[in-house]
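The values are calculated or read from the model by the stated rules, or taken from the named source; none is laboratory data. Bear in mind the structure is a predicted one, so any value in this text is a computation, not a measurement. All Cβ positions, glycine included, derive from the backbone under ideal geometry; neighbour counts span all protein chains shown. To get the accessible areas, we keep the full protein, side chains included, count just its heavy atoms, and leave off ligands, DNA and RNA. Shrake-Rupley method; radii C 1.70, N 1.55, O 1.52, S 1.80 Å.
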Amino acid sequence: RRGAMLREPRSAALLQELVDAAKRPPFNAAADEPACDAIGDLVGGAWSALRKRVRARTRPAADGELHAIRIAAKRARYAAEAAAPVAGRRAHTLAKAVEDMQTILGDQHDAVTAREQLRSLAGGEHAFLAGELAALAHRTARAKAGSWCDAWRTAKREHRRFRRAVRA
């Protein structure tokens, strides 16, 4: 079945386009710039999106806002990790700081999800146990929701250091 699909004219044309693009990548003018000049913009865009999410949150932040911050943190971390071969130790340190924040927010999101699942299951003979577990998940979610700000401050500090190192 897959073999027949690959023999279709549409698939053959797509495969040829992929081969051509691999042989002659469509670079733009920025491809001629040194990588170290582009690194700041690469990380800067992802960092700006994260910073906007953090600044736009309510206080205390809602669970959905914290999840959105976590997703933005993941993108910023990946950008810093991609920059590491060129930018070095400062990019690694920034990636680690953002990863720490992402982990805290991931734990918070897991606890929120568990709490919601337990609430939906609470009933019948296991209602008390489900309630106890939901309360534990709620406490975990609240604790993590309150502790991510320290990780954010650390990440901001590491981002400032990264920016200075990339500009130097």
Within the stretch 120-129, identify whether any single residue is farther than 22 Å from Arg70 by Cβ, open to solvent by less than 70 Å² (accessible area, probe 1.4 Å), assigned to a helix (DSSP H, G or I) and touching a residue at least 60 places away in the same chain (Cβ under 8 Å), and answer yes or no.
no
Please list, ordered by first then second residue, the pairs with beta carbon atoms under 9 Å, 6 or more apart or interchain, first in the stretch 60-89 and hydroxyl-bearing (Ser, Thr, Tyr), second in a helix (DSSP H, G or I).
Tyr78/Ala46; Tyr78/Ala95
Residue hits (the stretch 148-168; touching a residue at least 24 places away in the same chain (Cβ under 8 Å) and either of a type in the set (Asp, Glu) or within 14 Å of Ala62 (Cα to Cα) (or both)) are Trp148, Glu158
Quick one: in the stretch 132-143, of everything that is touching a helix residue (DSSP H, G or I) at 6+ places or on another chain (Cβ under 6 Å) and open to solvent by less than 60 Å² (accessible area, probe 1.4 Å), which residue is farthest from Cys36 (Cα to Cα)?
Ala134
The residue that is surrounded by the most Cβ atoms within 10 Å (Cβ to Cβ), considering only those in the stretch 151-168 that are small (Gly, Ala, Ser) and assigned to a helix (DSSP H, G or I), is Ala155
Please report, ordered by residue number, the helices (runs of 4 or more DSSP H) entirely within the stretch 1-106 with at least 2 residues that are charged (D, E, K, R) and at pLDDT 95 or above.
35-56, 63-87
On the basis of being open to solvent by less than 40 Å² (accessible area, probe 1.4 Å) and assigned to a helix (DSSP H, G or I), does Gln117 make the cut?
no
Residues of the stretch 126-168 being of a type in the set (Ser, Thr, Tyr) and more than 16 Å from Arg89 (Cα to Cα), in sequence order, are Thr140, Ser147
Subset tally (residues that are over 18 Å from the mean Cα position of the chain (by Cα) and within 14 Å of Arg51 (Cα to Cα)) for the stretch 123-156
0
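Yes/no per residue for (1) over 16 Å from Trp152 (Cα atoms); (2) loosely packed, with under 14 Cβ neighbours inside 10 Å; (3) within 20 Å of the chain's Cα centre (by Cα):
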{"site": "Ala35", "(1), (2), (3)": "yes, yes, no"}
{"site": "Gly40", "(1), (2), (3)": "yes, no, yes"}
{"site": "Trp47", "(1), (2), (3)": "no, no, yes"}
{"site": "Asp63", "(1), (2), (3)": "yes, no, yes"}
{"site": "Met101", "(1), (2), (3)": "no, no, yes"}
{"site": "Leu105", "(1), (2), (3)": "no, no, yes"}
For Lys52, are the conditions met, namely being of a type in the set (D, E, K, R), within 30 Å of Lys144 (Cβ to Cβ) and open to solvent by 70 Å² or more (accessible area, probe 1.4 Å)?
yes
